[in-house]
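So the structure is just underneath, and the comments pick up after that.
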Amino acid sequence: MATARTEASKKYNKENTIQLNIKLNKKTDLDCIKVLDRIEEQGQPKADYVKKLIRVDIRNRFPDIQTSIK
């Protein structure tokens, strides 16, 4: 039986988040895999690193979209 906390968490996630998955090829995307592994070894979540890269790209390519980094 789900607890109230679990139900609240499910509700929050449904209303406020999306989940994306990425498939990387061990041969053709090995460079990306190695970088993500190093990022994780340094204690930074992979998702944070990817979001930062996306926001830098947004700033450069889509200046009309505001991001949470300056």
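A few notes on this one:
- Accessible surface for the chain, divided over its residues, is 98 Å² per residue with a 1.4 Å probe.
- GNM result for the chain, Cα springs below 10 Å: residue of ILE58, ILE33, ILE22 fluctuating most strongly: ILE22
- Only the Cβ atoms of Lys and Arg (+1) and of Asp and Glu (-1) were treated as charged; on that basis the dipole of the chain about its Cα centre amounts to roughly 80 debye.
- Convex hull of Cα atoms in the chain, direction-averaged projection (nm²): 7.8 nm²
- Length gained when the stretch TYR49-GLN66 is fully extended (0.36 nm per residue, less Cα-Cα span): 4.3 nm
- Reachable lysines, given that their alpha-carbon falls under 24 Å from the alpha-carbon of LYS34 and they are not under 8 places away in the same chain: LYS23, LYS26, LYS46, LYS51, LYS52
- Seen against the Cα atoms of the chain and their longest principal axis, helix 4-16 is set at about 50 degrees.
- Nearest-ten-degree value, helix 30-41 long axis tilted from longest Cα axis of the chain: 60 degrees
- Calculated mean residue ellipticity at 222 nm for the chain: -19000 deg cm²/dmol, from DSSP H runs with n ≥ 4 weighted as -39500 (n - 2.57), summed, divided by the residue count and rounded to 500.
- Surface composition of the chain: carbon plus sulfur atoms hold 53% of the accessible area, using a 1.4 angstrom probe and ignoring ligands, DNA and RNA.
The values are calculated or read from the model by the stated rules, or taken from the named source; none is laboratory data. Worth saying up front: this structure is predicted, and the values here are computed from it rather than measured. Virtual Cβ from ideal backbone geometry, glycine too; neighbours counted across all protein chains shown. Each accessible area value is taken on the protein alone, full model and side chains, heavy atoms only, with ligands, DNA and RNA left out. Shrake-Rupley method; radii C 1.70, N 1.55, O 1.52, S 1.80 Å.
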